[in-house]
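Report on the structure given below.
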Amino acid sequence: MFKLQSYLAYQFLRLQGHPRYQQLMDLPDIQRWGVIAGLFTLLQAFIFGLIYLIFGKIVVIGLIASILAGLATGAGALPAVFLTHVSTRVFNSLLGATAGVMLAATAFSLLVPGIDYGNQIWPDQGLWVVAAGVIVGALFLHLADEKLPHLHFDSVSTDGMDSLQKISLFIFAITIHNFPEGMSVGVSYGSGDTDNGLVLAIAIALQNIPEGLAVALPLVGLGYDKWRAVGIATLTGLVEPIGGLLGITMVTLFSSILPIAMGFAAGAMLFVISEEIIPETHGQGRSRIATFALIAGFVVMMILDRLLT
């Protein structure tokens, strides 16, 4: 993790020394940001155009949905611009609602359609295929959790953290867990059911909001520029489009693995819910409000799923 940080810092220093970079920085603010926005727009047009030509329309739609879901992490971080503290009760309520939303999305947008698709490919075997995928997805997150250095939600205080190293590990944890969430959106769109994909993308976006706040607030507490903290939180969510692109292209090219992929994504999300989110909401002896928030989140997502599909 820290070798990667050193490498990125070294590359950024190299970039700062490049003549083109210096020319860009010497421009007036409005002109400089105009150039950056123009270059970014051209890059996105090239990338999305290439993806459209290779994989088709549905992949582009799924990728855009996973990007928007990832950007919700940045939206969730925005309160850190105005606040330096959020009460434990409020934060745990947000996490509880998040857990309910994710549980409903896992059940209604991944497991149920995954079983249906499995039965279409392997008559009467869809349940077992998806169940195997769930186990594999949970084991994958377990191995990532064991092998990659990071901190859990319950190791983090919303009152602030006293160590940049501790924050870095926590940010890395958020990034790890965002990957399978993005993949679940991609897999859902890869099934061809855009309504179901939209519901799941909304669920992931709602889930990302408290995560963004959890990343940004401690950074502000350490003295980071508030907008820079929001930017770092946003970047943790932008790993989701990578998972989304992988998921959607994988099931688009190899449709027979769709039920397994949906089970895998569901297992990974269930692991995150049980390992990270629910323990945090119950860790300080005041779990009742978080429990009702979870139920409310589940009910809202269940209704949304029925209304949109």
* Asked: Could you put SER66, SER274 in order, starting from the residue whose Cβ has the fewest other Cβ atoms within 10 Å?
  -> SER274, SER66
* Once both labels are modelled 7 Å past Cα along the beta-carbon direction, what's the ARG306-LEU143 spacing in nm? -> 4.0 nm
* Give, rounded to the nearest 20 debye, the magnitude of the charge dipole that the range 56-308 has about its Cα centre when Lys and Arg contribute +1 at Cβ and Asp and Glu contribute -1 at Cβ. => 380 debye
* To do: Obtain the nm distance between the two label points defined at SER274 and ILE30 by a simple spin-label model: each point lies 7 Å from its Cα along the Cα-to-C-beta direction.
  => 5.7 nm
* By average C-beta atoms within 10 angstrom, highest first, the peptides 208-221, 227-240 -> 208-221, 227-240
* Got a sec? Which residues in the range 209-226 would a label at VAL81 touch, if it sits 7 Å along Cα→Cβ and we count backbone N under 11 Å? -> 226
* Mind ranking 255-266, 37-48 by how tightly packed they are, going by the mean number of other C-beta atoms within 10 angstrom, highest first? => 255-266, 37-48
* To do: Determine, at each q value in 0.09, 0.12, 0.16 (inverse angstroms), the log₁₀ of I(q)/I(0) that the Debye formula gives when each Cα of the range 56-308 is one equal point scatterer.
  => -0.36, -0.64, -1.11
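Only the coordinates and a few stated rules stand behind these numbers; no lab work does. Here the structure is a predicted model, which means the values were calculated and not measured. Please note: Cβ atoms are built from the backbone with ideal geometry, for glycine as well, and neighbour counts cover all protein chains shown.
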